[in-house]
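The values are calculated or read from the model by the stated rules, or taken from the named source; none is laboratory data. Small disclaimer: the values here were computed from a predicted structure and weren't measured. For neighbour counting, all protein chains shown are included, and Cβ atoms are generated from backbone atoms with ideal geometry for every residue, glycine included.
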Amino acid sequence: MNVEPGTTRIGWIGLGVMGRSMCGHLMDRGFAATVYTRTHSTADSLVEKGATWADSPKAVAEASDVVFTIVGFPADVRQVVLGSEGALAGCSGGEVLVDMTTSEPSLAVEIYERAKAKGVASVDAPVSGGDVGAKEARLSIMIGGDEDVVEALRPCWDAMGKAVVRQGGPGAGQHTKMVNQTLIATNMIGVCEALLYAYKAGLDLETVMESVASGAAGSWSLSNYGPRMMANDFDPGFFVEHFVKDMGIALDEAKRMNLSLPGLALAHQLYVALQAQGGSRNGTQALLLAMARLSEVDWERR
């Protein structure tokens, strides 16, 4: 198949913190888009830009050659892709389904097999980079699926991301995203502990950042989330509840592989505590608040 702006019709399901920007980049490259999301108003900016609204995922697929999904949880993926009004039900054969949600590897394989039985291709392509990466079209895209299909979608990948790597067959993209989330999880603990230490030691946080962010201790989380933490900006670039979901998937997969990941388990529990404190819809950098409470540090009023 050939995927080209101006001829290939794309569908987009899920226009949240990241999806709206990602779909917008494809439209900027010349792809005609049909969109659906649970909250109609979140599609307004894309409709004003020329996208067509559809009333269901099935209707999106009926009007599209390539259908992208990026929703919240595996149950949402199952509904919008495999449900009676899902995207697969709207496919007649020859289409491509691309799920960019961070979801279960086993579900990616199930979608692949059910799609293949209908003559439809399927790719799992979760992303990393958060809201900023989505807005700036520099996401890391981790892909599982047939090589020829993945390569045919190159114009789409190039519109959304910078690091685009096919990791293997169906489910491989999701497994790679679990590696990504495992790396981030414990790193976020380190970022929070370091800032709390600096604060309690009476140091100037911005000056400390100048010294450590560019050295061996530097990381994406420190450079991108550290300034937000210092500014008490806990708005979501990536929701806490979604990160808890991701870590749960990774821990389930690790258990299945008879693999112990105690660092990930600790991070998962700390984020569960943050959820219990009402932080589900905050950004993942709000972990700092839960950890500050452990030592009775009133971070927001410091």
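Values for this structure:
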quantity: Test set (1) surrounded by fewer than 12 Cβ atoms within 10 Å (Cβ to Cβ); (2) touching a residue at least 40 places away in the same chain (Cβ under 8 Å); (3) on the phi > 0 side of the Ramachandran plot; (4) polar (S, T, N, Q) - Asn258 fails condition number; calculated: (2)
quantity: Filtered residue count, segment 15-63, keeping only those that are over 19 Å from Met160 (Cα atoms), assigned to a loop (DSSP other than H, G, I, E, B) and not hydroxyl-bearing (Ser, Thr, Tyr); calculated: 4
quantity: The one condition in (1) buried (at least 21 other Cβ atoms within 10 Å of the Cβ); (2) over 22 Å from Val35 (Cα atoms) that Leu139 fails to fulfil; calculated: (2)
quantity: Matching option when the condition is more than 15 Å from the chain's Cα centre (by Cα) and not basic (Lys, Arg), among Gly161, Gly190; calculated: Gly190
quantity: Which numbered condition Leu266 fails, given (1) crowded, with 16+ Cβ neighbours inside 10 Å; (2) of a type outside the set (Asp, Glu); (3) touching a residue at least 60 places away in the same chain (Cβ under 8 Å); calculated: (1)
quantity: Given (1) in contact (Cβ under 8 Å) with a residue 40 or more places away in the chain; (2) crowded, with 17+ Cβ neighbours inside 10 Å, number of the condition Glu193 does not satisfy; calculated: (2)
quantity: For Gly83: the one exception among (1) surrounded by 17 or more Cβ atoms within 10 Å (Cβ to Cβ); (2) in contact with a helix residue (DSSP H, G or I) (Cβ under 8 Å, 6 or more places away or on another chain); calculated: (1)
quantity: Residue that is in contact with an Asp or Glu (Cβ under 9 Å, 6 or more places away or on another chain) and surrounded by 18 or more Cβ atoms within 10 Å (Cβ to Cβ), where the choices are Ala152, Ala159, Ala134; calculated: Ala159
quantity: Complete set of residues in segment 201-225 that are loosely packed, with under 12 Cβ neighbours inside 10 Å and either in contact with a Leu (Cβ under 8 Å, 6 or more places away or on another chain) or within 21 Å of Ala290 (Cβ to Cβ) (or both); calculated: Ala201
quantity: Conditions (1) farther than 22 Å from Ala254 by Cα; (2) of a type in the set (S, T, N, Q); (3) buried (at least 20 other Cβ atoms within 10 Å of the Cβ); number of the one not met by Thr176; calculated: (1)
quantity: Helices (runs of 4 or more DSSP H) wholly inside segment 184-298 containing at least 2 residues that are under 21 Å from Val127 (Cα atoms); calculated: 220-230, 240-256, 262-276
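A quick yes/no check of all residues on (1) without any contact (Cβ under 8 Å) to a residue 12 or more places away in the chain; (2) in the same structural domain as Arg78 (by TED's automatic domain parsing); (3) crowded, with 19+ Cβ neighbours inside 10 Å; (4) more than 22 Å from Gly133 (Cβ to Cβ):
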{"position": "Gly14", "(1), (2), (3), (4)": "no, yes, yes, no"}
{"position": "Cys23", "(1), (2), (3), (4)": "no, yes, yes, no"}
{"position": "Thr37", "(1), (2), (3), (4)": "no, yes, yes, no"}
{"position": "Ser45", "(1), (2), (3), (4)": "no, yes, no, no"}
{"position": "Gly50", "(1), (2), (3), (4)": "no, yes, no, yes"}
